[in-house]
Every structure is written in structure tokens, then in C-alpha cells.
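Throughout, read-outs are computed from the coordinates displayed, never taken from laboratory work. Just so we're clear, the structure is a prediction, and the values are computed from it rather than from any experiment. Cβ: placed from backbone, ideal geometry, glycine included. Neighbour counts: every protein chain shown.
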Amino acid sequence: MQESAILKTEDLKFRYNRGEEPADAPWKFVLDGISIEIERGSFVAVLGHNGSGKSTLAKHFNAILLPESGKVYVEDIDTADESRLFDIRRAVGMVFQNPDNQLVATVIEEDVAFAPENMGIESKEIRQRVDDALKSVGMYEYREQSPAQLSGGQKQRVAIAGIIAMRPDCIVMDEPTSMLDPRGRREVLGTIETLRGRYGITVVLITHYMNEAAMADRLLVMNEGKIILDGKPLEVFQNIDLIKSIGLDVPQSVELIHKLNREGLNLRTDILSADDCADAIAEYFLKNRPASGCKGAAYMRVLK
Amino acid sequence: MLKDITIGQYYPGKSILHRLDPRMKMIMTFVFIVALFAASNKIGLAVGAFIVIIAYACAKIPLKFLMKSLKPIIPLVLITSVLNLFFLTEGNALFRFWIITVTTEGISFAVVMSVRIICLIAGTSLLTYTTTPIALTDAIEQLLAPLKKIKLPVHELAMMMTIAMRFIPTLIDETDKIMNAQKARGADLETGGPVKRVKALVPILIPLFVSAFRRADELAIAMECRCYQGGEGRTRMNHLKMKLIDLWAGLFILACLAGVVCINIFL
Ligand SMILES: Nc1ncnc2c1ncn2[C@@H]1O[C@H](COP(=O)(O)OP(=O)(O)OP(=O)(O)O)[C@@H](O)[C@H]1O
Ligand SMILES: [Mg+2]
């Protein structure tokens, strides 16, 4: 088996409520033959519209759900092996959408200590892990407060600290920013960046936001329980028509460049951020000044 | 409106009482209650009242705070005193009026009873004033630990208390939201007789329960993800430690109990 893959699925299939279905009309598979390998230390984003099976996939990564057929391996441990459940949970931490429903204790530091306490770690070491985790999410000053007094973004950071304190090799986050305002979202994304820099942790980020997906090293797009696109965000976003056909958007800058190119402009396509996009367009106009009359009209048409 | 409800009446401070081990404080409270009921005469009770006053002064709890916890029992105190006054008719009568006879024994018994109830409430409130809820649950878990032998789910009970305390503010917030949502749909929660008002609560309680169950489900998964598998093999970050001062405090309260018993016997 490959050493580098921290998470691996082999033809994973899954349905909810198996056995309750009518005999003549079996349920559709929620996960329908997923085979992926996620490398140690990478940052993978997962996109897909509501109900495409993202959360269901995430729950297979630490044995909350077990495959109906196929296999899931976490660090080469088969998740179906119940005797290793503890090792699996320890290796893969999960952060969920609603920060309120993940915090257990009435004091922040006690909450962060929850996982290490469950793991039976010695109290001095727990103290150290808790302080370290709270510092790395920037919540150390709040350690003695109650979670009820925090904003959504802060609560979510505490939830992340609670996972960090387990020292997992991988964190799976299921839409951790979807209940947050832009500021809370920035806080959480900043935290993810810090963690990757500091612990070299593998991150799987499930999201609905294109700009979050664009931050990743690798992007998976799911539809109806299948992975339909897999690659670097830049490459994946080039398949604009396919992405749009399953009801998702691409980042606005990518779309703009695409439309301009369709109108006959010849712009670079290796662009994700709005700034790069503006630069590319400026560059183009500087280069093609004489003929800019009709192209300018094309540009205006697209903007409208 | 609902936010005004105070939960866990902890009053932050740094006094000796705040720093005592919560287990010792619970034991002391228990001994104190026993002493209060053991004190059958006025001198013993006066000692009890004196201890309460000293303890409050020591913990620097404002009188206003104490009044808040005494307020609900004032009617109880009044009723018991009045009943004692009128129905204890033996002994030397102070004055008679129609069918009512007030005796000195009646008066003294009423006073003793009132002081006892007030001391009881004030003394036990002191425990929650000077101890954080989390320290309290830890203490309960450890004090009851021997009962695990007879299969009492002590750890689970303590966990339930912690989670309940954690979620009370969340659920109160949610109740507020649901009430506003129902009001916006024209629900009338504030007028009408008691039956109508209770009925008006139904559309608030149902969504509240549904959401609480959903939360419980998510919380259970999140706890499992964090390696929770019950109390077995679990360690703690903060250990409770008995110090010398706790020992002295324990001895002090035992001495008080002994004193009260002696007063009963010899006076
Ligand atoms: N506990 C469950 N029981 C039965 N069916 C479920 C359950 N959870 C999800 N499903 C169904 O499985 C499918 C995939 O759900 P899943 O939650 O994985 O989607 P998702 O991609 O995470 O969507 P979203 O973007 O809304 O979070 C949906 O059709 C959903 O109705
Ligand atoms: Mg989901």
C-alpha cells in the first residue's frame, strides 16, 4: 500500500436506511463508487450542490458511517475494523457546520481539553496541548470564558482548537464557515492556513464558497454521489460548462476571463483572484492599444 | 426577556471560601445542614446563624445577591411562622383574641423555625455562590465515585449536568427566537386566561423540542469524533486537590457540629 495516502477510498458505495426500502424501487446510492486518495499534508477542497453526498463522504473518513461496499482506509487502517476505531478517530478530526452543537463544556479550556481527556493523556501534557491549540487559533485570552459569550467565528475557532488538541494527522471540515459572517469566515480560513503552516496537517474542506475552494491544492467536485472533477482548482474551473450544468458557479474572475475569451480576446487563463484578473485585462489593453476599439466594445458587452 | 434568568449563581471572587476544594465545600454544606437540624435550642441555632453571617462576610457576597435567593422562600417562612403562632396554644398565653391564643412558646418556636429555614437556604446558596458549576459537577462526580461499584452511572450523570449547563443559554436564545417567530405569525402569547396561555405555549415547545433533539444528535456525533467513550480510561486536565486549608475547614465545621450537639445536651 502507498505510504503517502492518508485517506483512501476504493469504489466506496453507500445508502442511508438500508433494508427499509421497498423491494421494487431500491434507493439510489448517496455515494456511488468513489475512489480517491488524499495525500499527506495536502489541502483538498470538496465542492458540490446540496445533497450531492459531501457530508456523507466526510463521515466515512472517520468511521461515523461505514461503506455498504468498497473500502475506506485511514492511514492504511480499514475503517470497518472496529478494534481500531480509536486510532481512526484520533487520526482524523472532524469540524462541523454548527459550532454551537460541537462544544461540550461550559468553560472554553475545558472544552478544548475534552478530546485529550478522553484519550487518557496525562494532565500536564493536556494543559500544554490546550494552551498550544488555543494559541494557534488565537483564542488563548478567552480560555476561562464561557462559549456562550463568543461570536460564531470564535466558537468555530474553539471547536477547531478542540480538534487540534487531539493532534490529528488530518482535519475534515464540513462547511465550517457556512453559518458565519464574512469576518468569521476570514478568521476560520486564516486559522486553517496557520494550522497547515504550523503542524503540516492534512485538511479536507467541504464548502459552498468558490473562493475558499480556490485556496486549496486540489479540488474535488461531486455530483449525485460521484466525483466528476478532480484536479488543481485552476484546472477544474476551466470546465465552466460542466460546473454550471450541475448548478454550481465558478469564481467570478474565471468566468469573466472565459467570457472575454469567447468574445475573441486572448487572455491568460491561469487566473483565480480578482486582482490577477484585473491585471490580465489591463495587460491586454496595453498590448493591443490600436485595435482596442472593437475589443473594448466586446468587453463592454460582457460586462453588461 | 428570557435572558435575564441567571443560571448557576456563581459570584466570582478570590476569598478563602472560593478557593476551598469543592468536594470539601459540599461536605461542609452537608454537615452544616445536619447541624442546623440537630440544633434544638436557641443558642445552637444562634451559632449556626453566626457562622452563616461570618461566611458571607468572608466571601464578600453582597447582601443584594443573598436577598435574591431568599426572596422565593419568604412566603414559606411567613406561613410557617403564622401557623406555628396560632396552633401552638400550650404554655403561658401572652394574649387572647377571639379564638386565637398567642403563647410565648408559639413565638419562640416561630422564630426558631424562620431562622432555621433562612440559615438553610443562605448556607446552601453559599456553595453555588462560591463554586463554579464545572467545579461543582467535578466534585459531585468524585464524591459519588464509590457508588459506581453498585452500577450507578456517576460519570454519565456528571456529563449530563455539564451538557445541560452548556446548552441552557443556547436553548434560551432559541426559545426567544421561536417566540419572536411565532409572534410575527400572529401568535398571541401575552393575553387571555391561564388555559389559553398554556395552549399558546404549544407552538413554541414543539419546535424547541425538535431543535433540541437535532442538536443532541449532532453533539453526540461531535463527541464521538472527539474520542468520547464514557468515563472509562478518561483523565482530567484539572485535578481537584485537597490542601491543608481544606482540612482545617473540615475540622472547623465538625467542631461546630460537635458544639451544637454539646449545647443540646448540656444547656
Ligand atoms: N441521516 C440521513 N438519513 C437519510 N438520508 C440522508 C441522511 N443524511 C443525508 N441523507 C441524504 O443523503 C443525500 C446526501 O446528503 P449529504 O448530507 O451527504 O449532502 P451534502 O452534499 O452534504 O449536502 P449539503 O450541501 O446540503 O450539506 C441527500 O439526498 C440526503 O437527503
Ligand atoms: Mg453537508
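Observations on the model:
- Per-residue ellipticity at 222 nm from helix content only, as computed over the protein assembly as shown with -39500 (n - 2.57) for each DSSP H run of at least four residues, stands at -17500 deg cm²/dmol.
- The protein assembly as shown: C-alpha gyration tensor shape, a/c 1.5 cut-off, then a/b vs b/c: prolate
- Cα centre as origin, Lys/Arg/Asp/Glu Cβ charges: the protein assembly as shown dipole, Debye: 2060
- For B:Phe95, B:Phe167, B:Phe50, order by how many other beta-carbon atoms lie within 10 Å, fewest first: B:Phe95, B:Phe50, B:Phe167
- Ordering of A:74-81, B:151-158 by burial proxy (mean other Cβ atoms within 10 Å per residue, highest first): A:74-81, B:151-158
- Model label sites at B:Ala181 and A:Ser123, defined 7 Å from Cα along the beta-carbon direction, differ in position by 4.3 nm.
- Hits among lysines - C-alpha to C-alpha of A:Lys135 under 21 Å, sequence gap 8 or more where chains match: A:Lys124, A:Lys155
- For peptides A:138-145, A:169-176, A:158-165, A:61-68, sequence by mean Cβ density within 10 Å, most packed first: A:158-165, A:169-176, A:61-68, A:138-145
- Once the chain from B:Val82 to B:Val34 is taken as fully extended at 0.36 nm per residue, the excess over their C-alpha distance is 14.8 nm.
- Sites A:Leu234 and A:Lys28 - FRET efficiency at Förster radius 30 Å, r taken between beta-carbons, to 0.05: 0.40
- Length released on extending from B:Gln9 to B:Ala212, taking residue separation times 0.36 nm less the Cα-Cα span: 70.7 nm
- Shielding by partners - mean other protein chain Cβ count within 10 Å, residues of B:159-171: 4
- Most simply put, the protein assembly as shown has about 55% antiparallel DSSP beta bridges, counting only bridges with both residues inside it.
- Put simply, region B:153-225 fits an ellipsoid with semi-axes of 31, 14, 10 Å; these come from the alpha carbon gyration tensor as the roots of five times its eigenvalues, largest first.
- For B:Phe65 and A:Ser69, a Förster radius of 45 Å and the Cβ-Cβ distance give a FRET efficiency of 0.10, rounded to the nearest 0.05.
- Shielding score for A:108-119, defined as the mean number of other chain Cβ atoms within 10 Å: 5
- Full-stretch length increase - B:Val47, B:Asn264 - with 0.36 nm per residue and alpha-carbon distance subtracted: 76.9 nm
- Extending 7 Å from Cα along the Cβ direction at A:Asp270 and again at A:Asn50 yields two label points whose distance is 3.9 nm.
- Charged-residue dipole, Cβ positions (Lys, Arg, Asp, Glu), region B:153-225 about Cα centre, Debye nearest 20: 400
- Folded to 0 to 90 degrees: helix A:292-303 orientation relative to chain A principal axis, Cα: 40
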